[in-house]
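Written out below as structure tokens is the structure these notes cover.
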């Protein structure tokens, strides 16, 4: 199988975030960067499929020069080669614009499977992978936890609400957006890091791909969430109060 995995470099989740003076985005000068977690699970799924069925895993990422460090991490984990779409205006592109870039780079590869993360940790739109499938004219499924290769194509496990799962059979080629938590992520070994230095990393300028950059959706302003404190007294018996508390944790706090 030839598998393309689209990954994104995002601010490290532990990095301090400061909003720019114009409130258009966050200050990036002193940020630390990491691979988007859902994309890391997509990469892991691709590597496991390759280990079971053979083939090739190609990593694809768009962004400025700094994205190269995340691409090399993916190569060190076991990807065979990589494509870096050099773009300094990625932040000015909406989900459609990014998907157009990715689609233009993917089409010449003619892969059997395209994997992306469900959503990015910085914007969290959850749209790029689905739009990518439409641009490529391929069937797709979202919220995928596990992928199994079959004679007819694929059998995938989708995560639904409240602990429910859905199993779908679909043909190849296809596009899947992966949910976090389906596998145990591997670390890059010392040998993998050494091998990554010899693997192909092809850079292509975004302008060469001919993908439109004009956004259909623009980000007007961002702001930090307001800190609010409130106290609620739950009446009734202990059993009744516990039931109300659980319901509030599910529907209001959304921590269960």
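The values are calculated or read from the model by the stated rules, or taken from the named source; none is laboratory data. The structure presented is a predicted model; accordingly, all values stated were derived computationally and were not measured. When we count neighbours, we look across all protein chains shown, and the Cβ atoms used for this are built from the backbone with ideal geometry, even at glycine.
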Filter region 35-52 for residues that are crowded, with 18+ Cβ neighbours inside 10 Å and either more than 22 Å from the chain's Cα centre (by Cα) or assigned to a strand (DSSP E or B) (or both) and give the result. 35
Answer residue from region 64-97, given it is at pLDDT below 95 and touching a helix residue (DSSP H, G or I) at 6+ places or on another chain (Cβ under 6 Å) and is farthest from residue 135 (Cα to Cα) among those: 87
Candidate set from region 53-62 (those that are touching a helix residue (DSSP H, G or I) at 6+ places or on another chain (Cβ under 8 Å) and surrounded by fewer than 22 Cβ atoms within 10 Å (Cβ to Cβ)); member that is farthest from residue 29 (Cα to Cα): 55
Hey, residue 40 touching a strand residue (DSSP E or B) at 6+ places or on another chain (Cβ under 7 Å), at pLDDT 95 or above and assigned by TED's automatic domain parsing to the domain that holds residue 186 or not: no
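If we scan region 223-239, do we find a residue that is surrounded by 11 or more Cβ atoms within 10 Å (Cβ to Cβ), modelled with pLDDT of 80 or more and within 30 Å of residue 88 (Cβ to Cβ)? If you could, list the steps in order and put the result at the bottom.
Keep residues of region 223-239 that are surrounded by 11 or more Cβ atoms within 10 Å (Cβ to Cβ), which gives 234.
After this cut, where a residue has to be modelled with pLDDT of 80 or more as well, the list is 234.
With within 30 Å of residue 88 (Cβ to Cβ) added as a condition, the list becomes none.
No, because not a single residue in region 223-239 is surrounded by 11 or more Cβ atoms within 10 Å (Cβ to Cβ), modelled with pLDDT of 80 or more and within 30 Å of residue 88 (Cβ to Cβ).
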Identify all residues within region 1-25 that are within 19 Å of residue 120 (Cβ to Cβ) and part of a strand (DSSP E or B); write none if there are none. 4, 5, 6, 9, 10, 11, 19
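Determine whether residue 176 is surrounded by 14 or more Cβ atoms within 10 Å (Cβ to Cβ), in contact with a strand residue (DSSP E or B) (Cβ under 6 Å, 6 or more places away or on another chain) and modelled with pLDDT of 90 or more.
On the way: surrounded by 14 or more Cβ atoms within 10 Å (Cβ to Cβ): yes; in contact with a strand residue (DSSP E or B) (Cβ under 6 Å, 6 or more places away or on another chain): yes; modelled with pLDDT of 90 or more: yes.
Criteria met by residue 176.
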Taking region 108-141 only, how many residues are within 24 Å of residue 91 (Cβ to Cβ) and either surrounded by fewer than 16 Cβ atoms within 10 Å (Cβ to Cβ) or within 17 Å of the chain's Cα centre (by Cα) (or both)? 21
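I'd like the residue in region 153-173 that is touching a strand residue (DSSP E or B) at 6+ places or on another chain (Cβ under 7 Å) and assigned to a loop (DSSP other than H, G, I, E, B) and, out of all such residues, is surrounded by the fewest Cβ atoms within 10 Å (Cβ to Cβ).
Taking region 153-173 first, the residues touching a strand residue (DSSP E or B) at 6+ places or on another chain (Cβ under 7 Å) are 153-160, 165-170, 172-173.
Okay, now just the ones that are also assigned to a loop (DSSP other than H, G, I, E, B), so 153, 160, 172-173.
Numbers: 153: 16, 160: 9, 172: 15, 173: 19.
Here the answer is 160.
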